[in-house]
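Please treat every number below as a calculation from the coordinates, not as lab data. What you see is a predicted model, and the numbers here were worked out from it, not measured in a lab. Note that we place each Cβ from the backbone using ideal geometry, even for glycine, and neighbour counts take in every protein chain shown.
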Amino acid sequence: MHTNTLAGMAYIPGGVFTMGSDAHYPEEKPAHKVRVDPFWIDRYTVTNRDFARFVAETGHVTLAEKPANPDDYPGADPALLAPASVVLVPPPGRVDLRNHYNWWQYIQGADWRHPRGPDTSIRGLDDHPVVQVAYSDALAYARWIGKDLPTEAEWEFAAKGGLEGTEYAWGDELVPDGRYMANTWQGEFPWQNQTLDGYDWTAPVGSFPANGYDLYDMIGNVWEWTSDWYQDHGRIQHACCTLENPRGAEREASVDARNPGISIPRRVMKGGSHACAPNYCRRYRPAARMAQPVDTSTCHVGFRCIVREARGTGS
C-alpha cells in the first residue's frame, strides 16, 4: 500500500440505507434495506494524470490496446478483434433509439490515450477522468495503489451523501434554482447536446458541487465500475429485513447481439455519465445501475477506488 493511500479520500461512516428504487427502471427494483461497514473512498474519479503515472511505473497495457484473442470470440468478425474501443459518435439528426449502434461505434485505435479515436489525445485533459478502461484495467490500478473497487452497495451509499429518500445526490430537483449539479446531456439524445452545463464531453473532476460526504462527480461525467457481478435486485434472497454488506456474487453473462455464440460476463456500473439524457437515459441518480461487459471499455466509463476501514486504519 502506498504510504499516502488515504490522501484525497473521504471517510464514509457506514450505516443502513435504502438501496435501489421502485420508481424508475426495472433493474433498480425492489428498493431494499442494506447495511454497509465504514470505508474510505476517492473524492474524485481517477484522472488521466493518475492513470498515466500508473502506466509509467508498471508498463500496464489496457485491454483496448491489445488485440482480442479469437478463441474468446468464436465466429466474430476478425476486423473487430483488432485493438479498439467504443466511442459515442453523435448522428446528424434523429435516429431510432432502440438501436444503440446508431451512435455507439467500435473504433480501432481508441484507447485511454486516444479516447475518441486514433486522431484524438488527452493533451490538456490531465484533470479529466480516465476513460476507455475495462474492468481489469481499473482493478489493476486499484491494486497497484493499495486500494480496491467499491461494491455496488458501498458506491450507492457514498453517492447518496447521507441523504435518504431523495431522487438525486443533492435533493429532488435535477437543476435546483437553475444550477447544474452534474455533467449530463441537455437536449435530445443522441444528436442534440445543448451543453447548458458547460460540457459536451467529460468535465475536469470537481467541476460540480460535492455531495454531503465531500465526494465529487458521483453523478454524471462518467459511469463508474464496481466490483459486483451484475444480477437483478429481485433475485437477492432477503433472509431478514436488512442485507449486510451485500455484493453481486453470481457471475452472469450477456450475449453479443451480433454474435450470439459469445457470452460475456458483466459487472455493475453506477452513476450515469455525460451521455445520460432525460429523453433516453435518466440514470443520473444514485439508485440507477447498468450491466457492463467486462471486456468492454468506452468513452464514458471510468472508476474510483476504496479502502475498507479494516485496511485503512493505521495506514
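In the chain, the DSSP-assigned H stretches of four residues or longer account for a calculated mean residue ellipticity at 222 nm of -3000 deg cm²/dmol, using -39500 (n - 2.57) per stretch and the full residue count as denominator.
Expressed as a fraction of 2.2 N^0.38 Å, the C-alpha radius of gyration for the range 183-225 is 1.23. What the Kirkwood sum gives for the chain is a hydrodynamic radius of 19.9 Å, with every pair of different alpha carbons counted. Taken over the range 1-101, the percentage of Cα pairs per 5 Å bin, counting from 0 up to the bin with the maximum distance, is 2, 8, 8, 10, 11, 13, 16, 17, 11, 3, 0. Based on Cα contacts under 8 Å between residues 6+ apart, the chain shows a relative contact order of 26 percent. May I ask you to derive the FRET efficiency for Y11 and Q186 from their Cβ-Cβ distance with R0 = 22 Å, giving the value to the nearest 0.05? It comes to 0.05. Contact order for the range 52-100, expressed relative to its length and based on alpha carbon pairs under 8 Å spaced 6+ residues apart, stands at 29 percent. For the range 52-120 versus the range 218-232, the spacing of their alpha-carbon centroids is 19 Å.
The ellipsoid that matches the Cα gyration tensor of the range 130-219 has semi-axes, each √(5λ) in whole angstrom, of 25, 19, 11, with the longest given first.
Among the chymotrypsin sites (Phe, Trp or Tyr not before Pro) found in the range 169-215, those both in a DSSP coil and sparsely packed, with 16 or fewer other Cβ atoms within 10 Å of their Cβ, are W191.
Using only side-chain charges placed at the Cβ, +1 for Lys and Arg and -1 for Asp and Glu, the dipole size of the range 1-135 relative to its Cα centre rounds to 320 debye. Globularity index of the range 19-71 is 1.90 (Cα radius of gyration / 2.2 N^0.38 Å, N = number of residues).
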